[in-house]
Amino acid sequence: MARLILASNNAHKISELKAMLAMLHIELTVVPLNELDSNIPEIVENGKTFEENATIKVQTIAKVAPNDYILADDSGLSVDALAGQPGVYSARYAGDHDDEANIDKVLTKLSGEKNRTAHFNSVLVLIDNHGRRLVANGQVDGQITTACRGNNGFGYDPIFFVPQFDKTFAELTAEEKNHVSHRGLALKSLGQQLPDWLKG
């Protein structure tokens, strides 16, 4: 059975992907990065967009797994009043993967700002062993709160308010969030395109 290497070791992403493939009756064995035998080269995410960063990830992994399908995602928060920041720098906006510091930086920069509209974006890039690419996008629109709310999720979830639920992402259950999340929407888009793409 063909392998689909997920350029991540995130157990949540892996289970989501497996569930989608099963629903589509697509027989691909999902393999997380940490199960590859090869030495994984360093992934340098120096792209200017989410799509560029996701493409860098799949192309880097393709060097050690040239015969497999490879899937990667890149995602982040873009705040309109901050000219789209933190964007591709979401995970390291105030340092390296420090959720609390990142949130504090956004809230400080938005202090006194009336326009608090923001967007969570996710871009998935899939390549095959011939270098063909399939790109899928997901976007959720919301607003930045003035203080943290909720204990679920991670990253900017406690300050990202979703009007349709009247809650922040961190106040939603995992099931509710998956239903409306940017990654969930990107995965749904990928699933719609995947059967035809695989035939091609």
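Results for (1) more than 17 Å from the chain's Cα centre (by Cα); (2) within 26 Å of residue 93 (Cα to Cα); (3) modelled with pLDDT of 80 or more; (4) not in a loop (DSSP other than H, G, I, E, B), shown as yes or no for each residue.
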position	(1), (2), (3), (4)
12	no, yes, no, yes
22	yes, no, yes, yes
25	yes, no, yes, no
38	yes, no, no, no
42	yes, yes, yes, no
56	no, yes, yes, yes
Those residues of region 95-108 which are within 18 Å of residue 146 (Cβ to Cβ) and more than 16 Å from the chain's Cα centre (by Cα), in sequence order: 100, 101, 102, 103, 104, 105, 106, 107, 108
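Residues checked against (1) buried (at least 16 other Cβ atoms within 10 Å of the Cβ); (2) in contact with a strand residue (DSSP E or B) (Cβ under 7 Å, 6 or more places away or on another chain); (3) part of a loop (DSSP other than H, G, I, E, B); (4) β-branched (Val, Ile, Thr):
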| position | (1), (2), (3), (4) |
| --- | --- |
| 48 | no, no, yes, no |
| 53 | yes, yes, no, no |
| 61 | yes, yes, no, yes |
| 89 | no, no, no, no |
| 94 | yes, no, yes, no |
| 105 | yes, no, no, no |
| 111 | no, no, yes, no |
| 114 | no, no, yes, no |
| 126 | yes, yes, no, no |
Residue list for region 185-200, filter: under 18 Å from residue 51 (Cβ atoms) and within 17 Å of the chain's Cα centre (by Cα): 185, 186, 187, 188, 189, 190
Residues of region 163-186 satisfying the condition of being assigned to a helix (DSSP H, G or I) and modelled with pLDDT of 90 or more: 169, 170, 171, 182, 185, 186
Region 39-80 - residue that is in contact with a helix residue (DSSP H, G or I) (Cβ under 8 Å, 6 or more places away or on another chain) and small (Gly, Ala, Ser) and, of those, farthest from residue 138 (Cα to Cα): 47
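The values are calculated or read from the model by the stated rules, or taken from the named source; none is laboratory data. Keep in mind it's a predicted model, so treat the numbers as computed, not measured. Cβ atoms come from the backbone with ideal geometry, glycine included; neighbour counts cover every protein chain shown.
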